[in-house]
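Visitor: Below you'll find the structure I mean.
The values are calculated or read from the model by the stated rules, or taken from the named source; none is laboratory data. Remember, predicted model here, so these are calculated numbers, not experimental data. Glycine gets a Cβ as well: all are built from the backbone with ideal geometry, and neighbour counts include every protein chain shown. The area values use the complete protein model at the heavy-atom level, side chains included, leaving out ligands, DNA and RNA. Shrake-Rupley method; radii C 1.70, N 1.55, O 1.52, S 1.80 Å.
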Amino acid sequence: MLSCQRIFTESADSNKSLRMSILVNKDTKIIVQGFTGKEGSFHASQMIEYGTQVVGGVTPNKGGTLHLDRPVFNTAFEAVKETGATVSIIFVPPAFAADAIMEAADAGVDLIVTITEGIPVKDMIYAKKYIDDRGVRMIGPNCPGVITPGECKLGIMPGFIHTPGTVGIISRSGTLTYEAVDQVTKQGFGQSTCVGIGGDPIIGSTHLDIMKLFNEDPDTEGIIMIGEIGGSNEEIAAQWVRDNVTKPVVGFIAGQTAPPGRRMGHAGAIVSGGQGTARAKMDVMEACGIHVVETPAEIGITMARALAQLAK
Amino acid sequence: MKLHEYQAKNLIKKYGVPIQEGAVASTPEEAVEVARQLYANPDGQFFVVKAQIHAGGRGKGTVQETGSKGVVVTKGLDSVSDVAGKILGGTLVTIQNEAIGGNKVHKVLIAEDMYYPGPSDRHEYYLSIMLDRETGKDVIVASSEGGMNIEEVAEHTPEKIIKEWIDPAVGIQGFQARKIAYGMGMTDLGHKNGVKFILNLYKAYQGLDADMLEINPMFKTADDKVVAVDCKMSIDGNALYRHPDFAELRDLAEEDPLEVEASASNLNYIKLDGNVGCMVNGAGLAMASMDMIKLSGGEPANFLDVGGGASATTVEQGFRIILKDPNVKAILVNIFGGIVRCDRVANGVVEAYKNIGEINVPIIVRLQGTNAELGAKIIDESGLKVTSAITLAEAAARVKEALS
């Protein structure tokens, strides 16, 4: 597995305590691949508005121009060399996305966030092998991205629903994550970092990978993991939680009512051969000491109760 | 995208995988015609008549109207006509499709008989290729115990299941195919043909962008040929742009009519058999909304993800599809407005409602996110039979009320 990347952020006001987060912070320099396209342009401008350090972008054959007041490069290699970016976010269309992922890894970034939905499985098998061989971490594909509230929005999530705080969120979904964020914010806790790991069968980072980061992050006091039917990533993470995590973990699995053999919107959300059912995942999570909720409406309140109990 | 057996066999044959030869027919007359062409001298030969539907377990499944099995071995051309007539047009119910009441049979595959006697022993093996999500690699699963349900083999005799992972950097290697074939107990000429079969089948899996390819049985004949007697395959939907010629392989008759209509409007809709329809943005939230409906005492009538935009047009199309399902007694619209503002979604809902006119089931619209209160106000003041909610808990309570 990849080594855990921990980034320390010195607060601008040195009297305040050191704020930590996982994966990204306010100083993280980011390039955007697929920068000048419709999706790339829109979300890059939203990220910039949030205060994210977008330092440039990549669109082949548009190198040397400016877009959103930032330089455009022909290659990711050039973009990284000229800007010193350590992270790339990818909005490239599915047919070209695997190529873009490998280009980012080759250019030497530490972290790749792939938003693109609909990348063929075969392409992802190659791309994943390529980035794993180079020790580069990826979030996604088919995901909303990563946000450390108040510091860095690296993705397509609505920034305003997030509040800086102490709850870490890991999720395979987009809007269901926003739902959890909103509930946590309304319970008065806020989020340390939220990571949408993506709804595809092959993803760069699993529940377990992100769980390990949150477990080590002193700014994260509670962890919410949201899963879906299909695969066994949630079970693997739950077993690790049982042996390693003392912070309260709240879990929800979407798809309790999903029929077997059907893909429920996400390419990875499918119960096949009786494997990957919501019930089986929830049972394992429960047995591993995770606070499993039956309805998504109770994610926030359950975390609030778990944290209150801890404070006693 | 799911394929029929005959389509899948024709595709793997192009990659050098030997198949049980055959051709499809839609009528008993056509069945006799294609049967005649299978052998130089068709008289007194054995034929296999196989229903072509998108569900497994056909051999043990029963055609409701006639009592015939879904796969029948028969002798002589007259009998082919008779057997085909008892399968075609009937409803075949198998262990895999009984939940949806079976599939109507529109085509039968008339295939040659591979179980003829000869010098060596005949044997049914199992072989499949799929993605192993945990390792991110393709895995070949094989067994000496073919011809039966592989899940049962795995449960009762796990030692008879062989797995071989393919390294994406170099692809399948000869030693892996040899290892699998020896592991299945193949020897001599059968082993040699088995190795060739495995190597070519993996090439087919890769070249066709399949996401599941299963040969059960992979059959060794009495003269040591190794052939695919059955073939189940589905193609990765995300890779279809690389295979424009596969568009004609999609069989709309195998899909739910409402799902076909929804897909034509680019809606991600799956028909279920409950009583509460739902329309949601995002797949995860859509599944979670279905679960919530169940906890509120209803059963979800569908899965419907309208995507990030949730414009007035998609909302209207969504309503129209859901309302065509006569089981629907209430509809839950659940939109988390992020980039898209709730007031705009609310206006879209009101507009869609007015365009459709008569809607006789209660609608609960739950809007959360940007301008959620404004959205609720627009819904409440519209004068329509629509109830608003902001939190998920409220939405669940409204669904419960609507059903009581």
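Visitor: What's the number of the condition B:F319 fails, among (1) open to solvent by less than 10 Å² (accessible area, probe 1.4 Å); (2) within 13 Å of chain A (Cβ to nearest Cβ); (3) free of Cβ contacts under 8 Å to residues at least 60 places away in the same chain?
Guide: Single failed check for B:F319: (2).
Visitor: Just checking, does region A:170-177 include any residue being open to solvent by 10 Å² or more (accessible area, probe 1.4 Å) and more than 9 Å from chain B (Cβ to nearest Cβ)?
Guide: No, there is no match, as no residue in region A:170-177 is open to solvent by 10 Å² or more (accessible area, probe 1.4 Å) and more than 9 Å from chain B (Cβ to nearest Cβ).
Visitor: Also, I was wondering about something else. I'd like to know if region A:86-94 contains one or more residues that are farther than 15 Å from A:A44 by Cβ, in contact (Cβ under 8 Å) with a residue 24 or more places away in the chain and either within 11 Å of another protein chain (Cβ to nearest Cβ) or of a type in the set (G, A, S) (or both). Spell out the reasoning first.
Guide: Just the residues of region A:86-94 that are farther than 15 Å from A:A44 by Cβ, to begin with: A:86, A:93-94.
Those left that are additionally in contact (Cβ under 8 Å) with a residue 24 or more places away in the chain: A:86, A:93-94.
Within this subset, residues satisfying the condition of being either within 11 Å of another protein chain (Cβ to nearest Cβ) or of a type in the set (G, A, S) (or both) are A:93-94.
Yes - at least one qualifying residue is present in region A:86-94.
Visitor: Another one. Against the conditions (1) closer than 30 Å to B:A51 by Cβ; (2) surrounded by fewer than 24 Cβ atoms within 10 Å (Cβ to Cβ); (3) among the basic types (K, R), where does B:K220 fall short? Just the number, please.
Guide: Of (1) closer than 30 Å to B:A51 by Cβ; (2) surrounded by fewer than 24 Cβ atoms within 10 Å (Cβ to Cβ); (3) among the basic types (K, R), only one is false for B:K220: (2).
Visitor: Out of B:L252, B:L258, B:L240, which single residue is on the phi < 0 side of the Ramachandran plot and touching a strand residue (DSSP E or B) at 6+ places or on another chain (Cβ under 9 Å)?
Guide: Values: B:L252 fails: touching a strand residue (DSSP E or B) at 6+ places or on another chain (Cβ under 9 Å); B:L240 fails: touching a strand residue (DSSP E or B) at 6+ places or on another chain (Cβ under 9 Å).
Only one candidate qualifies: B:L258.
Visitor: While we're on this one: Criterion first (touching a residue at least 40 places away in the same chain (Cβ under 8 Å), under 17 Å from A:E39 (Cβ atoms) and within 14 Å of chain B (Cβ to nearest Cβ)) does A:I131 satisfy it?
Guide: Working: touching a residue at least 40 places away in the same chain (Cβ under 8 Å): yes; under 17 Å from A:E39 (Cβ atoms): no; within 14 Å of chain B (Cβ to nearest Cβ): yes.
So A:I131 fails the test.
Condition check ((1) touching a His at 6+ places or on another chain (Cβ under 6 Å); (2) more than 24 Å from A:I22 (Cα to Cα)) across all residues:
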site	(1), (2)
A:T206	no, no
A:G227	no, no
A:G230	no, yes
A:A237	yes, no
A:R263	no, yes
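Visitor: A follow-up question, please. Answer with yes or no whether A:G261 is in contact (Cβ under 8 Å) with a residue 12 or more places away in the chain and within 28 Å of A:V121 (Cα to Cα).
Guide: On the way: in contact (Cβ under 8 Å) with a residue 12 or more places away in the chain: no; within 28 Å of A:V121 (Cα to Cα): yes.
No.
Visitor: What are the residues in region B:13-36 that are under 20 Å from B:A228 (Cα atoms) and in a loop (DSSP other than H, G, I, E, B), if any?
Guide: B:K14, B:Y15, B:G16, B:V17, B:P18, B:Q20, B:E21
Visitor: State yes or no: is A:G188 in a loop (DSSP other than H, G, I, E, B), of a type in the set (G, A, S) and open to solvent by 10 Å² or more (accessible area, probe 1.4 Å)? Step through it out loud before you land on a result.
Guide: Values: in a loop (DSSP other than H, G, I, E, B): yes; of a type in the set (G, A, S): yes; open to solvent by 10 Å² or more (accessible area, probe 1.4 Å): yes.
Criteria met by A:G188.
Visitor: Examine region B:110-128 for a residue that is under 20 Å from the mean Cα position of the chain (by Cα), open to solvent by less than 90 Å² (accessible area, probe 1.4 Å) and charged (D, E, K, R), and state whether such a residue exists.
Guide: no
Visitor: Turning to a different aspect of this structure: Check A:M138, A:M157 and return the single one that is among the hydrophobic types (A, V, I, L, M, F, W, C) and either in contact with a Phe, Trp or Tyr (Cβ under 7 Å, 6 or more places away or on another chain) or open to solvent by 10 Å² or more (accessible area, probe 1.4 Å) (or both).
Guide: Numbers: A:M138 fails: either in contact with a Phe, Trp or Tyr (Cβ under 7 Å, 6 or more places away or on another chain) or open to solvent by 10 Å² or more (accessible area, probe 1.4 Å) (or both).
Result of the check over A:M138, A:M157: A:M157.
Visitor: For the condition free of Cβ contacts under 8 Å to residues at least 40 places away in the same chain, closer than 16 Å to B:M114 by Cα and not polar (S, T, N, Q), what is the one hit in B:P18, B:P42? Step through it out loud before you land on a result.
Guide: On the way: B:P18 fails: free of Cβ contacts under 8 Å to residues at least 40 places away in the same chain.
The match here is B:P42.
Visitor: Further question: Search region B:129-145 for residues being acidic (D, E) and either assigned to a strand (DSSP E or B) or touching a Phe, Trp or Tyr at 6+ places or on another chain (Cβ under 8 Å) (or both), and hand back the single one that is least open to solvent (accessible area, probe 1.4 Å). Spell out how you get there, then give the answer.
Guide: Of region B:129-145, the ones acidic (D, E) are B:132, B:134, B:138, B:145.
Next, only the ones that are either assigned to a strand (DSSP E or B) or touching a Phe, Trp or Tyr at 6+ places or on another chain (Cβ under 8 Å) (or both) stay: B:132, B:138, B:145.
Details: B:D132: 32, B:D138: 8, B:E145: 50 Å².
This residue is B:D138.
Visitor: What are the residues in region B:326-353 that are surrounded by fewer than 22 Cβ atoms within 10 Å (Cβ to Cβ) and either among the polar types (S, T, N, Q) or not assigned by TED's automatic domain parsing to the domain that holds B:S382 (or both), if any?
Guide: Hits for region B:326-353 are B:N327, B:N347.
Visitor: Quick check on region B:273-295: of everything there that is surrounded by fewer than 21 Cβ atoms within 10 Å (Cβ to Cβ) and in a loop (DSSP other than H, G, I, E, B), which residue is nearest to the chain's Cα centre (by Cα)?
Guide: As a first pass, look at region B:273-295 and keep what is surrounded by fewer than 21 Cβ atoms within 10 Å (Cβ to Cβ): B:273-275, B:294-295.
Subsequent filtering for residues that are in a loop (DSSP other than H, G, I, E, B) retains B:273-275.
Details: B:D273: 17, B:G274: 20, B:N275: 24 Å.
Top of the filtered list is B:D273.
Visitor: Right, another one. Just for strands (runs of 3 or more DSSP E) wholly inside region A:1-55: which have at least 2 residues that are under 30 Å from B:G136 (Cβ atoms), open to solvent by less than 80 Å² (accessible area, probe 1.4 Å) and at pLDDT below 95? Break it down into steps so the answer makes sense when it comes.
Guide: On the way: elements: A:6-9, A:19-22, A:29-33.
Output list reads A:19-22.
Visitor: State whether one or more residues within region A:104-112 are surrounded by fewer than 21 Cβ atoms within 10 Å (Cβ to Cβ), assigned to a helix (DSSP H, G or I) and away from chain B (no Cβ under 14 Å). Steps first, answer last, please.
Guide: Step one: of region A:104-112, the residues surrounded by fewer than 21 Cβ atoms within 10 Å (Cβ to Cβ) are A:106, A:108, A:110.
Among the residues that remain, those that are also assigned to a helix (DSSP H, G or I) are: A:106.
Filter again for away from chain B (no Cβ under 14 Å), leaving A:106.
Looking for residues that are surrounded by fewer than 21 Cβ atoms within 10 Å (Cβ to Cβ), assigned to a helix (DSSP H, G or I) and away from chain B (no Cβ under 14 Å), one finds at least one in region A:104-112, hence yes.
Listed here are the residues, each with its yes/no results for (1) β-branched (V, I, T); (2) within 14 Å of chain A (Cβ to nearest Cβ); (3) closer than 20 Å to B:L285 by Cα; (4) part of a helix (DSSP H, G or I).
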{"residue": "B:E351", "(1), (2), (3), (4)": "no, no, no, yes"}
{"residue": "B:K354", "(1), (2), (3), (4)": "no, no, no, yes"}
{"residue": "B:V365", "(1), (2), (3), (4)": "yes, no, yes, no"}
{"residue": "B:L374", "(1), (2), (3), (4)": "no, no, no, yes"}
{"residue": "B:S388", "(1), (2), (3), (4)": "no, no, yes, no"}
{"residue": "B:K400", "(1), (2), (3), (4)": "no, yes, yes, yes"}
